[in-house]
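What follows is a short report on a single structure.
The values are calculated or read from the model by the stated rules, or taken from the named source; none is laboratory data. The model shown is predicted, which means the values in this text are computed figures rather than measured ones. Note that we place each Cβ from the backbone using ideal geometry, even for glycine, and neighbour counts take in every protein chain shown. All accessible areas refer to the heavy atoms of the entire protein, side chains included, with ligands and DNA or RNA removed. Shrake-Rupley method; radii C 1.70, N 1.55, O 1.52, S 1.80 Å.
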Amino acid sequence: IGEAIGLAVTGDGRGGILFVQTGLVPLGGKSEKIFSHTGNLNKVIEESEKVALSLVRMMMLEKNGKADLLAGNLLHIHLPDGATPKDGPSAGITLATGIISLLTGNPVRKDIAMTGEISLRGKVLPIGGLKEKSLAALRHGIKELVIPQKNEKDLEDVLKELRKKMKFHPAKDITEVLEHSLVND
């Protein structure tokens, strides 16, 4: 619960996996700060975190009529030591999935990885490096990937033998990402 596996392309052009862990820390009082982060982060990931958190809060408001399941808690996002440093935006769906899993108690599948940026409206935005990310997933024994629907055309760049060994789930919005990545509906 609260942990998802993302994919990234490193500065040297290789693919790697990116673990995203989330947790709630009771504050015991009122605080202006609603989230903190630790791990191997840069400005791009920090922006992705803010967008993912805003999207999740808007989704909670729409679904439950209350946006603050976070009230009185600090959301901590952690990319564990050894996480792949990344430069481009592609972790938004992984961050949003981890947060939603945490807040709903619904586990994320451990046999699936994902890549895609997220918009404030929940749209999955295209990414680069699909071939490299696919190779990284397979190196780590992961054979199912959630990818942006707009990157389906890039599957032609992924080696034919690799496509035969893997299952790709194109997603156009966060709802489709969650359908593929969460254990329960």
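The figures follow:
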quantity	calculated
Matching residues in the stretch 139-168 - criterion: being open to solvent by less than 80 Å² (accessible area, probe 1.4 Å) and modelled with pLDDT of 90 or more	Gly141, Ile142, Glu144, Leu145, Val146, Ile147, Pro148, Asn151, Asp154, Leu155, Met166, Phe168
Residue match in the stretch 138-155 (condition: β-branched (Val, Ile, Thr), touching an Asp or Glu at 6+ places or on another chain (Cβ under 9 Å) and farther than 30 Å from Leu61 by Cα)	yes
Candidates Ala171, Ala136 - the one that is under 16 Å from Ala91 (Cα atoms), open to solvent by less than 40 Å² (accessible area, probe 1.4 Å) and either out of contact with any helix residue (DSSP H, G or I) (no Cβ under 8 Å at 6 or more places or on another chain) or polar (S, T, N, Q) (or both)	Ala136
So Asp173, is it over 18 Å from Ile5 (Cα atoms) and out of contact with any Asp or Glu (no Cβ under 7 Å at 6 or more places or on another chain)	no
Pick from the stretch 72-98, criterion open to solvent by 20 Å² or more (accessible area, probe 1.4 Å) and not in a loop (DSSP other than H, G, I, E, B), ranking: modelled with the lowest pLDDT	Asn73
Search result, residues across the stretch 1-33 that are among the polar types (S, T, N, Q) and at pLDDT 80 or above	Gln21, Thr22
Some residue of the stretch 140-147 being over 23 Å from Lys50 (Cβ atoms), free of Cβ contacts under 8 Å to residues at least 60 places away in the same chain, in a strand (DSSP E or B) and not aliphatic (A, V, I, L, M)	yes
Restricting the stretch 101-159 to residues that are farther than 28 Å from Leu24 by Cα and β-branched (Val, Ile, Thr), the residue that is nearest to the chain's Cα centre (by Cα)	Ile127
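Condition check ((1) among the small types (Gly, Ala, Ser); (2) out of contact with any His (no Cβ under 7 Å at 6 or more places or on another chain); (3) not in a helix (DSSP H, G or I)) across all residues:
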| residue | (1), (2), (3) |
| --- | --- |
| Leu120 | no, yes, yes |
| Ile127 | no, yes, yes |
| Ala137 | yes, yes, no |
| Glu156 | no, yes, no |
| Leu162 | no, yes, no |
| Phe168 | no, yes, yes |
| Val177 | no, yes, no |
| Asn184 | no, yes, yes |
